[in-house]
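Accompanying notes for the structure given below.
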Amino acid sequence: MHETAYDKRIFTPGLLFRDLGFLLSKVPALRRAMKNPEIGRAMTGKIMMVVTAVNGCTYCTWFHASEAATSGMSAAEIRDMFDLQFEARATAHELPALLYAQHFAETNRTPEADMTERLFAFYGEETATDVLLLIRVIFFGNLLGNTFDAFPSRLAGRPAPDGSAVFEALFYLATFWFMLPAKWLLKRRGATDMTNDKTNTRTGDTP
């Protein structure tokens, strides 16, 4: 692999359509997962930050960092999540899901069977299934952002080693109408959060 290659995971045409079909079929289950009291908003956000930290999606990083700051997490806590130094920050209830999310992402969606068994043994069938679905959702979002960035990276001389110039161009053309405004809004929101965090730090307030 060339040292300047674009090394983030991206979609292939087949993977994109398989994942899209899977998630569309799981919309009712996703609604249930988002309302699962055993997971909750804070744990959901942490799961998504962990998967994003592994996959390196810029847009998901901006969004989930901003969401975490809005929910009351400190800048130090957010940094630890994205640095995968979350064990001291996580509750005993959250930790198995976060460790599994990291493992799932690092193995590129091929987790070891015993890790999955432990997840289900700890949370039970319903909650473990919901955790898996949330991981799949953020994984899709990560690859969406990474694939959008792959075409400009290719034009700049940093192609994805296993990518396709034609597919990346078509993907960019199909998604730029919502990805570019999202990029602008997320960057602006992130800058505002950073300014607020610095202000709170100087005045001694808790973010």
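The values are calculated or read from the model by the stated rules, or taken from the named source; none is laboratory data. What you see is a predicted model, and the numbers here were worked out from it, not measured in a lab. Reconstructed Cβ throughout: ideal geometry from the backbone, glycine too, with neighbour counts over all protein chains shown. Keep in mind that these areas ignore ligands, DNA and RNA; they rest on the heavy atoms of the full protein, side chains included. Shrake-Rupley method; radii C 1.70, N 1.55, O 1.52, S 1.80 Å.
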- prompt: In region 30-45, which residues are open to solvent by 30 Å² or more (accessible area, probe 1.4 Å) and part of a helix (DSSP H, G or I)?
  reply: Leu30, Arg31, Arg32, Met34, Arg41, Ala42
- prompt: So, in region 128-176, of the ones that are of a type in the set (S, T, N, Q) and more than 19 Å from the chain's Cα centre (by Cα), which residue ends up farthest from Asn108 (Cα to Cα)?
  reply: Ser153
message: I'd like to check something: does region 47-58 contain any residue that is without any contact (Cβ under 8 Å) to a residue 40 or more places away in the chain and hydroxyl-bearing (Ser, Thr, Tyr)?
response: no
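Conditions (1) modelled with pLDDT of 95 or more; (2) more than 28 Å from Ile39 (Cα to Cα); (3) not in a loop (DSSP other than H, G, I, E, B), marked per residue:
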residue	(1), (2), (3)
Leu134	yes, no, yes
Val137	yes, no, yes
Thr175	yes, yes, yes
Gly190	no, no, yes
Thr206	no, no, no
- prompt: Taking region 65-114 only, how many residues are open to solvent by less than 40 Å² (accessible area, probe 1.4 Å), among the small types (Gly, Ala, Ser) and either free of Cβ contacts under 8 Å to residues at least 40 places away in the same chain or part of a helix (DSSP H, G or I) (or both)?
  reply: 9
field: Which numbered condition Tyr6 fails, given (1) surrounded by fewer than 17 Cβ atoms within 10 Å (Cβ to Cβ); (2) closer than 30 Å to Tyr172 by Cβ; (3) in contact with an Asp or Glu (Cβ under 8 Å, 6 or more places away or on another chain)
entry: (1)
task: Report yes if Phe151 is open to solvent by 40 Å² or more (accessible area, probe 1.4 Å) and closer than 24 Å to Glu168 by Cβ, otherwise no.
output: yes
